[in-house]
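Colleague: This structure is in structure tokens; I'll ask about it shortly.
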Amino acid sequence: MKKLFTFVSALVLTIGLQAAKLDTIQVDGIYYQINAEDSIATLIRYNTNSKYEIEDIVIPVNVVKDEVSYPVVALGQGALRNTTAKTITFAKGSKVKNLGMQAFQAAVNLQELELPEGINLIPMTCIHNATATNPMQMKKLVLPSTLDSIVRLSICLPQLKVLEFKGAVPPSINTFTVAATGYVQNPWEVNVGNACNTAKTAVVIVPKGAVEAYRNTAWIGDYFTIIVDAHKDTVQVDGIYYEMNNETQTATLIRYNANSKYEMDTIVIPVTVSKEGREYPVVALGQGALRNTTAKAIIFAEGSQVKELGMQAFQGAANLQELELPEGIKLIPLTGIHNATATNPMQIKKLVLPSTVDSLALFSICLPQLDTLVFKGTVPPSIATKETATWTQNPWQISTTNVCNTAKTAVVIVPEGAVEAYRKTAWIGDYFYAITDKKVATAANIAAFNALPDGVTVTLTLTNAKVNASNDLFDDYYVEDATAATVITGTTLTVGTALNGVIAGTKSISSVDYVNEPAIYVEHKLTVTDATGIAATQTTLTPTVMTIPEASAQVNYAKLITIENVTISGSGRNKTLTDANENTIKARDLFGVLSSEYVWPAEAASITGICLHYMTGWFIMPISEEAIVKKEATAIENIEANGKTVKFIQNGQLYIRHNGKVYNVLGF
């Protein structure tokens with residue numbers, strides 16, 4: 001009878017084992033063990049030496065075998081150990097309730113992990129850094145509200161930044177005291193001082209109202225430095241509002257509400273702001289943060305940690321004159337620094353972008369009064385564009401003709417050696433007229449240009465500036481506006497045209513002091529690098545009639561002038577012009593306009609040319625043969641002759657000749 005019982009028992013056991021037989025299936029490269037008896041599945045490794053080399057792992061709610069669906073309820077021991085995955089995601093509605101030891105151990109590439117609701121225990125070595133030489137990189141771990149127990153040595157993450165508990169009640173913490181050393185093993189440490197231990201600096205995020213409960217829990221409150229709740233607070237510092245993010249321990253400058261604006265002359269954006277004794281770095285400006293502010297200056301404090309700008313961050317800041325963004329900012333977003341209205345335009349003249357900026361969005365910088373745009377990066381940023389039916393949208397323009405567009409005349413300053421790279425960048429090189437790596441100035445007219453120092457790169461605005469003459473030998477052109485005249489070289493201009501627009505180049509100065517006169521005369525010249533902003537139209541050249549003393553003044557350098565009623569003397573290339581008061585100025589065919597057969601007259605009714613200080617003094621350089629108008633001879637009517645003195649009238653003027661010299665009698 002005993003033998004029969006034993007046989008029956010063995011038969012029943014065999015049948016039971018067959019019923020509980022475990023099968024293995026593969027789904028999307030992941031292996032699952034199917035328990036047909038319990039109708040469940042467990043994610044496993046294929047063998048102890050294998051690892052999943054899949055970039056993104058999704059753990060499904062169910063797996064299917066033979067048209068039967070099995071819920072995935074567990075991760076087996078070492079299931080995802082040593083995986084190279086960058087993400088591990090539990091599908092929505094996950095039914096995983098149990099984790100095996102070493103389930104995520106040494107998943108070195110994983111940055112974040114959120115465990116699903118239903119898990120109540122984190123077992124030993126479950127999320128565990130295996131080696132100091134190739135540590136787990138996990139920055140954020142989210143634990144479900146169902147979690148009620150954390151076992152010793154279960155979570156060892158040296159690079160952890162955020163540990164979030166969703167449960168209002170803290171889990172129990174399993175510890176063990178090692179008798180030999182007295183060391184208390186806990187969930188976070190391999191041993192004291194080990195490089196694999198969880199970072200004590202990780203911010204612990206808990207539900208609102210649960211902070212004290214977690215702070216009072218042994219091996220949570222006395223291990224981690226910061227325990228806060230998950231909600232965001234708003235604080236005011238020096239009249240500016242900041243949103244404090246407890247999870248990231250950072251602050252964002254915001255507007256108080258959509259209708260508010262900051263009405264203060266100067267805004268200083270600090271490196272950090274304080275809350276409850278903790279310092280929160282200011283890392284961002286929120287959407288519309290400084291929109292419509294009346295501030296005249298916005299300053300980022302030295303060491304600023306601002307890395308992000310929201311849309312409309314500076315939009316409509318109409319009084320702002322200059323703005324320099326701090327290092328760390330990568331993107332200028334849509335409408336970031338954007339002129340909001342034509343009737344009250346932004347006045348920013350200078351904008352400095354940090355070396356970290358690598359992208360400009362559409363309509364990101366629209367500044368109609370911009371003079372100077374500085375890029376600190378040696379590599380030009382990428383430029384966002386979008387094709388429409390009528391035009392190409394870009395960072396600088398609201399539309400092709402909108403008055404709020406960024407001024408094309410703004411000088412773009414880039415690091416030394418980066419000029420060509422920026423010139424070849426679409427919507428930088430083909431939008432702005434002047435790109436340079438030198439010191440830059442702007443001049444609103446020729447008089448302002450002449451006042452600039454030697455060697456500066458300059459953009460000169462020309463308004464009805466007339467091209468009076470050219471010197472083909474040096475490719476020099478003599479250009480005069482209502483304020484002054486100067487020499488322009490390095491581009492081709494047309495004599496007899498009026499120039500309007502912006503021309504860019506380098507200012508140079510020559511000091512002339514050949515004759516050791518008390519004054520050192522200065523010759524100004526613009527060597528052009530970009531003339532694409534200039535428009536030329538035909539015009540009438542009208543010289544200014546001057547006396548010889550007026551023509552010999554620095555203020556009239558390079559102007560087109562006419563001198564009347566002079567005698568002409570001298571041999572060779574230089575002639576001397578003398579007026580009735582014995583004032584003299586020289587004349588020279590510097591421009592090569594006189595033929596080889598040309599004979600200078602003894603007297604000229606007028607000479608028209610360019611006024612220059614050349615070689616040994618002031619000269620007038622004729623612009624053509626016709627510009628020298630010979631005085632017609634007239635009969636001399638002697639009125640009185642008395643010894644060496646003769647009075648006579650010529651051309652209606654009274655003269656006295658005495659001892660060979662002729663004097664004009666004024667007021668006759």
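Colleague: Can you confirm whether Phe363 is among the aromatic types (Phe, Trp, Tyr), closer than 22 Å to Val502 by Cα and surrounded by 21 or more Cβ atoms within 10 Å (Cβ to Cβ)?
Modeller: No, not satisfied.
Colleague: Turning to a different aspect of this structure: Tell me, yes or no, whether the range 272-287 has at least one residue that is under 27 Å from Gln137 (Cβ atoms) and touching a residue at least 40 places away in the same chain (Cβ under 8 Å).
Modeller: yes
Colleague: Okay, next question. Are any of the residues in the range 297-314 touching a Phe, Trp or Tyr at 6+ places or on another chain (Cβ under 6 Å), in a strand (DSSP E or B) and over 30 Å from Thr225 (Cα atoms)?
Modeller: The answer is no; no qualifying residue exists.
Colleague: Return the residue satisfying two criteria in turn: it lies in the range 214-233 and is outside any loop (DSSP other than H, G, I, E, B) and at pLDDT below 95, and of such residues it is farthest from the chain's Cα centre (by Cα).
Modeller: Arg215
Colleague: Report yes if some residue within the range 244-258 is modelled with pLDDT of 95 or more, under 22 Å from Glu112 (Cα atoms) and part of a loop (DSSP other than H, G, I, E, B); otherwise report no.
Modeller: Looking for residues that are modelled with pLDDT of 95 or more, under 22 Å from Glu112 (Cα atoms) and part of a loop (DSSP other than H, G, I, E, B), one finds none in the range 244-258, hence no.
Colleague: A follow-up question, please. Evaluate the range 319-329: report whether one residue or more is surrounded by 21 or more Cβ atoms within 10 Å (Cβ to Cβ), in contact with a Gly (Cβ under 8 Å, 6 or more places away or on another chain) and either not assigned by TED's automatic domain parsing to the domain that holds Tyr431 or not aromatic (Phe, Trp, Tyr) (or both).
Modeller: no
Colleague: Now for a different question. Quick check on Phe375: is it among the aromatic types (Phe, Trp, Tyr) and within 28 Å of His524 (Cβ to Cβ)?
Modeller: In short, no.
Colleague: I need the full set of residues from the range 525-540 which are at pLDDT 90 or above and not hydrophobic (A, V, I, L, M, F, W, C), in order please.
Modeller: Result: Lys525, Thr527, Thr537, Gln538, Thr539, Thr540.
Colleague: Here's another thing I want to ask about it. Somewhere in the range 474-482, is a residue in contact with a Gly (Cβ under 7 Å, 6 or more places away or on another chain) and either surrounded by 20 or more Cβ atoms within 10 Å (Cβ to Cβ) or assigned by TED's automatic domain parsing to the domain that holds Ala580 (or both)?
Modeller: No: zero hits.
Colleague: Exactly one condition in (1) within 40 Å of the chain's Cα centre (by Cα); (2) in a loop (DSSP other than H, G, I, E, B); (3) surrounded by fewer than 13 Cβ atoms within 10 Å (Cβ to Cβ) is false for Gln236; which is it?
Modeller: Failed condition: (2).
Colleague: Restricted to the range 541-561, and to residues that are within 45 Å of the chain's Cα centre (by Cα), at pLDDT 90 or above and not hydrophobic (A, V, I, L, M, F, W, C), which residue is surrounded by the fewest Cβ atoms within 10 Å (Cβ to Cβ)?
Modeller: Among those residues, the one meeting the criterion is Asn556.
The values are calculated or read from the model by the stated rules, or taken from the named source; none is laboratory data. Keep in mind the model is a prediction, meaning the values are calculated, not measured. All Cβ positions, even for glycine, are placed from backbone atoms using ideal geometry, and neighbour counts span all protein chains on display.
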